[in-house]
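The values are calculated or read from the model by the stated rules, or taken from the named source; none is laboratory data. Model, not experiment: these values are computed from the prediction. Positions of Cβ are backbone-derived with ideal geometry, glycine not excepted, and every protein chain shown enters the neighbour counts.
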Amino acid sequence: MDRDFGLGGLNLNEKPMISVAPQPHPSRGANNHNVHNLLEQAEKNSGVLTLQGNKRKADLKELEWVADIGHGSCGTVSKCTYRSVTMAVKTMPRTSNSYEMSRILMDLDVICLSFDCPYIVRCFGYFITSYDVRVCMECMATCLDRLLIRIKKGIPEDIIGKLSISIVKALHYLKTKHQIMHRDVKPSNILLDWSGVIKLCDFGIAGRLIESRAHSKTAGCPLYMGPERLDPNNLDSYDIRSDVWSLGVTLVELATGKYPYAGSEFDMMSKIMYDEPPRLSRDEFSDDFCDLVESCLQRDPKDRPNYDMLLQHPFIVHHETVPTDVEEWFADVMGEVSVAEAAAAP
């Protein structure tokens, strides 16, 4: 899984003075000419960073590498500083492949457009060189899939309540404000900082919705896709309720500490298509939480709730009003992990 996260915490609220492209990005069938034009538009704002309310033209040489953070199929993420400001820099190789470049441009476009959403990772600007594209983002403490690996257990339900609110609001914002569907909702694309703030990231395969529907069936991680996207006999387009399925699988994984399907990738995809969807035990979790997961994991997408319905679900409404200190929980659990890891070290 991709590792798109940083270290530390930085919460800036200024609007980034950057824009990538005013028109829809190309899909898998994009031609080189369209991608070239979009890239030329993006290059006009290369090197423009907005930090602490100030927009400035920066030189790539002023970025100081601190540490490697992670890597995945899209590129690498490093912890860097620029004039004492710490940031996570995502570096993606520039390529002549039009589809890969369209993914990079889509990631740039969505993250720049979403400056006013507190539930989406913040972009300070980007650099485009002859050999790569570097996106400068706020630093976060971890992504949730790595957190699950480190704590070796599920996340408490009250913490998941707060996580759910942030994820649903981020997805709702993308849909209502920009007619964009994420298409890759999973724990590795949900970030947490040391202040307990939860944000969504990684928009390289996000899809522009045409009449509220998306059409590319191959974008995203198959293990989190809804059955309708995996069925080779289903030639229909799909809508945001495919992401609602992905959210349901993610919630089960966060609650139990493990992905709900087992076997080879082929076995797991077959189970998604043909087996009964995963459910949480009502002996271990509240009825409202179990009901939320069950509503998200309906085989027929028409039976799944949309984002407005999710925001009105009793589980979400309850955790909107109940104070939960995610920051304190995260500090405590990471302290326990550090002690356990130190004791296990040779």
Checklist entry - Exactly one of (1) in the same structural domain as residue 222 (by TED's automatic domain parsing); (2) charged (D, E, K, R); (3) over 21 Å from residue 296 (Cα atoms) is unmet by residue 157. Its number? => result (3)
Next on the checklist: Quick test of your reading of the structure: residue 23 fulfils all but one of (1) modelled with pLDDT of 80 or more; (2) in contact with a Leu (Cβ under 9 Å, 6 or more places away or on another chain). Name the failing condition by number.
Outcome noted: (1)
Checklist entry - Only one of (1) in the same structural domain as residue 240 (by TED's automatic domain parsing); (2) in a loop (DSSP other than H, G, I, E, B) is not met by residue 167, so which one is it? => result (2)
Item to check | Residues of the range 50-98 classified as surrounded by 14 or more Cβ atoms within 10 Å (Cβ to Cβ), farther than 25 Å from residue 141 by Cα and touching a residue at least 40 places away in the same chain (Cβ under 8 Å), total | outcome: 2
Next on the checklist: Just checking, does the range 53-66 include any residue being part of a loop (DSSP other than H, G, I, E, B), among the polar types (S, T, N, Q) and either on the phi < 0 side of the Ramachandran plot or not assigned by TED's automatic domain parsing to the domain that holds residue 166 (or both)?
Outcome noted: no
Checklist entry - Quick one: is residue 288 exposed (fewer than 14 other Cβ atoms within 10 Å of the Cβ) and either over 26 Å from residue 231 (Cα atoms) or modelled with pLDDT under 95 (or both)? => result no
Checklist entry - Among the residues of the range 198-224 satisfying the criterion of being surrounded by 20 or more Cβ atoms within 10 Å (Cβ to Cβ) and more than 23 Å from residue 105 (Cβ to Cβ), which is modelled with the lowest pLDDT? => result 224
Checklist entry - Taking residue 175 and the conditions (1) under 22 Å from residue 310 (Cα atoms); (2) surrounded by 23 or more Cβ atoms within 10 Å (Cβ to Cβ), which numbered condition does it fall short on, given that it satisfies the others? => result (2)
Checklist outcome for this item: Listed by first then second residue, the pairs whose first member lies in the range 293-314 and is in contact (Cβ under 8 Å) with a residue 60 or more places away in the chain and more than 22 Å from residue 231 (Cα to Cα), whose partner is of a type in the set (Lys, Arg) and assigned to a helix (DSSP H, G or I), with beta carbons under 9 Å and at least 6 positions apart or on separate chains, are 307/169; 307/175; 311/169
Checklist entry - How many of the residues in the range 174-186 are within 13 Å of the chain's Cα centre (by Cα) and in a helix (DSSP H, G or I)? => result 1
Checklist entry - Name the residues in the range 127-156 that are part of a helix (DSSP H, G or I) and touching a residue at least 24 places away in the same chain (Cβ under 8 Å), would you? => result 144, 145, 146, 147, 148, 150, 151
